[in-house]
Every structure is written in C-alpha cells, then in structure tokens.
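A quick write-up on the structure given underneath.
No value in this document is a laboratory result; all are computed from the given coordinates. From a predicted model like this one, the values you see are computed outputs, not experimental measurements. Here the Cβ is made from the backbone with ideal geometry for all residues, glycine too, and neighbour counts use every protein chain on show.
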Amino acid sequence: MVKSPRLRDSLWMLIAAPTIWSLHFLFSYVTAAVWCAKLAEGASLGGARTAVAMYSAAAIAAIGAVAHYGWRRHCQETRHPHDVPTSHGRQRFLGFAILLLAGLSAVAVVYGALPAAFIASCH
Amino acid sequence: MALRIASPTGAVLVVLVAACDGPQSALDVAGDGATRIADLFWGMAAGAAVIWIGVVGLAVYATRVRPGEHSGRTAKLLLIGGGVVFPTIVLTGLLSYGLLLIPELREPSDGRLIVSVTGEQWWWRVRYETADGRTVELANELRLPVGEAVEVRLESRDVIHAFWVPSLAGKIDMVPGRVTRLSLKPTRTGEFRGACAEYCGESHALMAFPVAVMEPAAFAAWLEDQHALAAPPSTPETERGARLFMAMGCGSCHAVRGTAAAGTIGPDLTHIGGRASLGAGILVNDVDAFARWIAETDHVKPGVRMPAFGMLAESDLRALGQYLESLQ
C-alpha cells in the first residue's frame, strides 16, 4: 500500500517539537557538565549560561515555526470537523496535535533553561 | 498510657500531627534551609487546598447547581485557562522560587568552619576544618554551633548516598568523584537526627547519624577536645581492652590517635566513647552495645565490611567495650 506523502510528513512533524525539546535538554546538560568539569574558572557557570540562552532562543524559534505549521494545517480545512474519520479530519487533528505538542515543548524548553537563569555557580 | 480517640477524624489527626515534630521532622525546623522548605511546603499545601476546593466546587456546580448545557465559549475558556495557562504559571512560579533558594543553600565558605562528610557503606566519615587550618577526623556524628553558617562538603567513596538532616536543611546527593556543597545554619540548640536519603545497599536503612546543635562556646570546647589524643587506659580492665584492641588487629582499620592504631579504612575511634551513638546512629553508646557490635557486626549491620569477632570470650568483649567506652 502506498501511503500519502502528506500524511507521512504530518507524522514526522508531530514529533518535531518534542525532538527539539529533547535536543535542547541534551545540549544544555552536556554543555554545563563539560563547562564545569573542564573549562570553568573559579566555578563560574558564565559561558555555559550564555550557551544555554542561545540554545533556548534557537529552540523556541524552531518550535515556533513548528507551531505555525500545525496551526496552518489545523485551520486550512475549517469546513471539516476533526472528529470524523476522513482525510480532512485527520489532517486537522494532526495539525492541532502538532500545535499542542509545540506548546508543551516550548514550556519544557523554558523550564529546562530556568536553572541557568538562576544559578551562576558550578557548585 | 491508654489513649481514647473520639472519632475517626481524631484518629487521622493524631497520625498526621504525630509526624510534625521529633528529631527528624522537616516540619519541626531548627535551621535556615529547613525554614525555607517548610514555608514552601505550607504555601504549597494551602495553594493545593484552594485549588482542590475550586475544582470540587466547579464539579458540584456543573453536576448539581447547573446540570444543563454550558456555552462552548465558557467551556473553552475554562479548559484553556484552568487546564493550560494556570498550571503553567503556578509551576513556573514554584520552579523559579525553588531555583532561587539553591544558590543561598550552597553558598561556599568564606573562612568559616568547613565540615567534610564522606558517605561510605554504611557510615559517615566526618572531617572538621577550622579557619586556622587545623583539621580533625571524626565519624558518625555531627555537632554544629547555633547561629553560625557552616559549609558542609559532601563526597562518597563507593556508591551514591544522600545527606539529609530534615530539621536543618534539604537533602543533597553525595556522588562518587564529585564534591557537593550544603550550607547549614542552625537556629536553635537541640538533638536531631540525620540519615542517608538515597538507597545505597543492604544496610541503607542503618546509615544514620545524630546531630547536636550547641552554643558556640560549648561547641568550641568540644571541637578543641576532639583534637586531643586518646586518653590512655586508666584501669586494669581498660588496659586489657587496649591490648586486645591491638592484638586482634583492630588498629589496621581504625585509628586511635595517640596509639599505634592508625588504620583509615573504618571510622576514627579516638573519642568514640563520647559520641551519642554507635554503628552510625543505630545503637546506644554503652559497654553492652560495644560488645554486641564487635561480636555480631554482620547481624547488627548486614553487609558491613568489618568482620564479626564472635570467637572472642564474653570477658574479652566486655574489656574491649570498656576500653572503647573510656575513649571520651
């Protein structure tokens, strides 16, 4: 059975925002760990905090783009409800799920970055 | 004493309130860190109660007061506002407040007293370092001066342990290869209890320690005493105990400063007779407990590295106990 390329794309986009969140967490954690273990002078978290701020800005921008894509997909078929088993309904549902996951991921990215905002020391 | 409890509610209250005080209660605070944590707890408990009343109130409203259909707009507002926006704001506030507390609770020392505590299966190696650079190694007990911030540096020699004196501050992990820090500032004198708060093996539950918060002058005198060498045995029985201690090889693992015993594998015993407990907070400190610990070590604390000396005669065990008890 040949699947619709559009549907396949939709499923990938569904995990895009949580993937960005997990990458943000991984990069932030590894950066802080390596910084404190190898590079920090006087146990200051300085450089790692800047890096985490940059990762966060990039992650929020990317998640924003995913959310925009989800919103557009959800709204483009306004005539069709998304609770019936049709192709249009599925597209709208997936768009809405992408949007909600993007919102959750954005909050998670902020929470992951908050320690770097409040804590200045490797201690 | 016979207790009569008037109602099931009374019984529940007794159980709940019984957990609020005692030497190991995070709600019976005696330190700056614990005060912050207790404030946070009570604030969260009050907030949770308000939210619970609100949710139950809405449920009653929707099912009893106005069971009919509600407008889609109101339902949407309630779902998005109460289910998404409100929890996000509350959790962000709580996370930010918790993170704000961390730097203060881990403030490094500025020339004050430093206490290094190393977790080992299943006891605590404690080293005091004063501002004048002198150090002394003790074990299984913590004494602190009231009103002074003390930096506690935490390490582990084997597995992950966690250091927790609920009445004084929050808990923090002791990770092999890393030094973690905690600032303890007791606010009142008293006897408290600390414990390992991270499962660390079969005798994890037997890894505790007494904590005494003292007036600064009494603390300074106590610390000065701890620097002193061990008192030589003064009675025939304690002399026999001291000879047995060396003959049985105890000095290979334990140090008694001022004698030939200089082992570093087990706890320093120079002033063990003056400690509040034996075996890391699990036995009272008396001759009988020493004899039991030495003869049945593996029963008292399963898995411990110290071998049991059950082959010793009762009189030898008591002589050893009296010698160790005399090390005040």
Taking only Cα atoms and a 10 Å spring cutoff, compute GNM fluctuations for chain B and point out the largest among B:Phe209, B:Phe86, B:Phe309. B:Phe86
Pick from B:Ala34, B:Ala62, B:Ala205: which is most flexible by mean-square fluctuation in a GNM of chain B where alpha carbon atoms under 10 Å apart are linked? B:Ala62
Surrounding charge for B:Val165, neighbours by C-beta under 11 angstrom, Lys/Arg +1, Asp/Glu -1, total +2
Angle in degrees between helix A:46-75 and the longest Cα principal axis of chain A, rounded to the nearest 10: 10
Whole number please: convex hull volume per residue of the Cα set in chain B, in Å³? 187
How far, in degrees from 0 to 90, does helix A:87-118 lean away from the longest principal axis of the Cα atoms of chain A, to the nearest 10? 10
Averaging over all projection directions, find the projected area of the Cα convex hull of the protein assembly as shown and quote it in nm² with one decimal place. 33.4
Dividing the Cα convex hull volume of the stretch A:5-118 by residue count, how many Å³ per residue is that? 89
In nm, the gap between the two label points placed 7 Å beyond Cα toward Cβ at B:Thr264 and B:Val85 is 6.2
Neighbour-count order for B:Cys250, A:Cys122, B:Cys20, fewest beta carbons within 10 angstrom listed first: B:Cys20, A:Cys122, B:Cys250
Expected 222 nm ellipticity per residue - DSSP helices of 4 or more, -39500 (n - 2.57), all of chain B, to 500: -11500 deg cm²/dmol
B:Glu202 long-range amide H proximity, modeled H, under 5 Å: none
Summarise the partner chain shielding of A:104-114 as one whole number: the mean count of Cβ atoms from other chains within 10 Å of each residue's Cβ. 2
In debye to the nearest 20, the charge dipole size for chain B, taken about the Cα centre with +1 at each Lys and Arg Cβ and -1 at each Asp and Glu Cβ, equals 1220
Roughly how crowded by other chains is peptide B:175-182, in terms of the mean Cβ count from those chains within 10 Å of each of its Cβ atoms? 1
Taking A:Cys36, B:Cys196 and counting other C-beta atoms within 10 Å, the order from fewest to most: A:Cys36, B:Cys196
Total charge of the residues flanking B:Gln226 in space, meaning their Cβ is under 13 Å from its Cβ, with Lys and Arg +1 and Asp and Glu -1, is -1
Assertion target for B:Arg157, B:Arg292, ordered by fewest C-beta neighbours within 10 angstrom first, is B:Arg157, B:Arg292
